[in-house]
Amino acid sequence: NKLKEYFAKYGDVGWVDNETAGNGNAYVQFKEAPSAQKAVAETAHTCELAAGLTVALVQGDEEKQYHKRRFDELSRKCKHPGGNVKDLKEPVVLTDRKFQSYCECRNFFREMLRRYKEGDEVSSKDADFVKDLLSKWHPKYEQKKGCGIKSFKVGKDKDHDGKTTCFILVRTDDTEEDFSYLKCVTAAFPGGAPTSRKKPEAAPKPQAERERPERTYVSNCLVKCGGLPDEAGETDIDKLKEYFAKYGEVAWVDNKTAGTGNAYVRFKEAPIAQKAVDETAHTCELTEKLTVALVQGDEEKQYHKRRFDELSRKCKHPGGNVKDLKEPVVLTDRKFQSYCECRNFFREMLRRYKEGDEVSSKDADFVKDLLSKWHPKYEQKKGCGIKSFKVGKDKDHDGKTTCFILVRTDDTEDEFSYLKCVAAAFQRGSPTSRNKPEAAPKPQAEKECPEGTFVRDTVVKCGGLPNEAGRTNINKLKEYF
């Protein structure tokens with residue numbers, strides 16, 4: 001803190017690192033190279049920590065190696081539960097060894113387990129580590145220990161049908177109990193105690209544009225309506241939902257998969273559906289002879305499976321949501337309901353031709369319609385006019401991929417990506433709104449983390465500092481620079 005405070009006078013300090021530079025030294029990383037140069041250019045440095053502070057610019061291989069070491073270390077510690085910079089200060093101690101990170105501890109016990117065959121007894125030295133881990137970090141240690149621990153051996157885990165190898169505790173009465181060393185290691189690093197190992201609750205997902213059915217399948221909540229007009233539209237869904245709302249809460253109305261003149265209505269609870277079925281006469285705005293029947297058994301199961309499978313499939317690609325069901329992309333005489341369907345259609349078309357082949361007139365109509373409606377630079381691509389299309393290599397990817405090529409009326413050529421057009425068609429509905437939504441900002445780490453961008457000539461190395469360096473010194477250096 002003192003170093004950070006000291007160096008802040010020269011410009012914005014990224015971070016101060018007094019742990020990897022050796023005794024009496026520290027690294028100070030500035031946000032910009034001119035700030036670092038200012039600090040180096042000053043001939044005499046005197047701060048609260050040292051009267052004879054030396055400052056030198058770190059360059060070349062030393063600078064690159066420093067950045068690599070620091071980023072690798074911080075990245076490694078962020079790839080496992082609870083693995084952050086805090087591990088450097090609060091190691092987990094087992095017998096005579098300190099473990100700085102989850103990965104280090106997990107790998108230690110994993111390698112130990114692999115040294116033994118099934119049925120082998122664990123050596124006394126390894127048993128000390130296993131017992132210390134179990135006693136400190138297993139949430140049910142007392143239950144596992146029972147009358148007392150005599151030894152440890154290696155065997156198969158009964159909870160996983162004997163498919164995985166694990167440590168087995170042998171009690172003084174010769175009874176045995178298996179346990180998971182991974183559960184103990186995970187407990188040791190996220191919160192430091194078994195009681196704080198629960199994962200944080202995930203942030204609620206944004207509500208979809210359209211109401212979506214629950215994934216849970218509840219029986220006797222689905223009814224099938226008949227006697228509706230042949231032409232069913234979105235208006236009918238709203239009117240049906242409004243009509244059946246008098247019986248109770250309606251989850252959704254589906255007028256697309258029940259057949260002409262029919263619709264499915266799914267209620268939130270079974271008693272509500274029964275109420276609607278029990279009523280002998282139904283008259284609504286859509287029809288005077290509305291029939292209502294409870295859907296049960298295999299028909300009900302098959303309906304739920306079809307509906308969930310369809311919605312799941314449409315959510316596995318960009319922009320593929322329930323909206324695809326009512327707003328298909330029309331190209332010439334064909335309707336495409338989803339991104340995958342459209343992409344596969346043009347992918348198969350492309351594969352039918354060899355390099356240099358001219359695209360047939362029928363296929364060319366589809367390609368031209370896709371290009372004209374969904375390519376953001378269509379006018380630029382079209383130029384003086386389109387004569388035909390052919391298949392060739394993409395120059396932007398060093399000729400490694402095949403693509404469609406547009407041939408103009410003046411015989412000039414221009415390649416384009418059909419995938420770009422298809423993605424545009426299904427993400428937002430118009431080429432101007434196809435930018436991906438900005439990712440939500442990641443929560444700031446507890447401790448300051450260096451930026452991933454490597455800026456040359458922004459790191460200086462300070463010498464002449466006291467041997468005992470702590471967080472206070474970092475802030476003072478930052479303030480000073």
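The values are calculated or read from the model by the stated rules, or taken from the named source; none is laboratory data. Keep in mind that this is a model prediction, so the values were computed, not measured. Neighbour counts are summed over all protein chains in view; Cβ atoms, including those assigned to glycine, are modelled from backbone coordinates with ideal geometry. These area figures cover heavy atoms from the full protein model, side chains too; ligands, DNA and RNA do not enter into them. Shrake-Rupley method; radii C 1.70, N 1.55, O 1.52, S 1.80 Å.
Key figures for this structure:
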{"item": "Test: residue in the range 341-359 that is in contact with a Leu (Cβ under 6 Å, 6 or more places away or on another chain) and free of Cβ contacts under 8 Å to residues at least 40 places away in the same chain", "result": "no"}
{"item": "Residues located in the range 399-422, provided they are part of a loop (DSSP other than H, G, I, E, B) and under 20 Å from ARG343 (Cα atoms)", "result": "LYS400, THR401, SER417"}
{"item": "Some residue of the range 177-196 being open to solvent by 40 Å² or more (accessible area, probe 1.4 Å), at pLDDT below 85, hydrophobic (A, V, I, L, M, F, W, C) and in contact with a Lys or Arg (Cβ under 9 Å, 6 or more places away or on another chain)", "result": "no"}
{"item": "Selection within the range 360-412 - touching a Cys at 6+ places or on another chain (Cβ under 7 Å) and basic (Lys, Arg)", "result": "ARG408"}
{"item": "Subset of the range 152-167 (residues that are open to solvent by 20 Å² or more (accessible area, probe 1.4 Å) and either within 17 Å of ASP126 (Cβ to Cβ) or of a type in the set (Phe, Trp, Tyr) (or both))", "result": "LYS153, THR165"}
{"item": "Among (1) at pLDDT 90 or above; (2) closer than 16 Å to LEU350 by Cβ; (3) in contact with a Lys or Arg (Cβ under 9 Å, 6 or more places away or on another chain) - the single one LYS390 does not satisfy", "result": "(3)"}
{"item": "LYS241, sole failed condition from (1) within 29 Å of PHE426 (Cβ to Cβ); (2) in a loop (DSSP other than H, G, I, E, B); (3) modelled with pLDDT of 75 or more", "result": "(2)"}
{"item": "Among (1) touching a Phe, Trp or Tyr at 6+ places or on another chain (Cβ under 8 Å); (2) modelled with pLDDT under 75; (3) of a type in the set (D, E, K, R); (4) open to solvent by 60 Å² or more (accessible area, probe 1.4 Å), the one test that LYS86 misses", "result": "(1)"}
{"item": "Selection count, the range 369-398, where residues are assigned to a helix (DSSP H, G or I), open to solvent by 90 Å² or more (accessible area, probe 1.4 Å) and under 15 Å from GLU415 (Cβ atoms)", "result": "4"}
{"item": "Total residues in the range 357-368, condition part of a loop (DSSP other than H, G, I, E, B) and open to solvent by less than 30 Å² (accessible area, probe 1.4 Å)", "result": "1"}
{"item": "Listing of strands (runs of 3 or more DSSP E) fully contained in the range 89-173 that carry 2 or more residues being farther than 15 Å from PHE189 by Cα and in contact with a Cys (Cβ under 8 Å, 6 or more places away or on another chain)", "result": "149-156"}
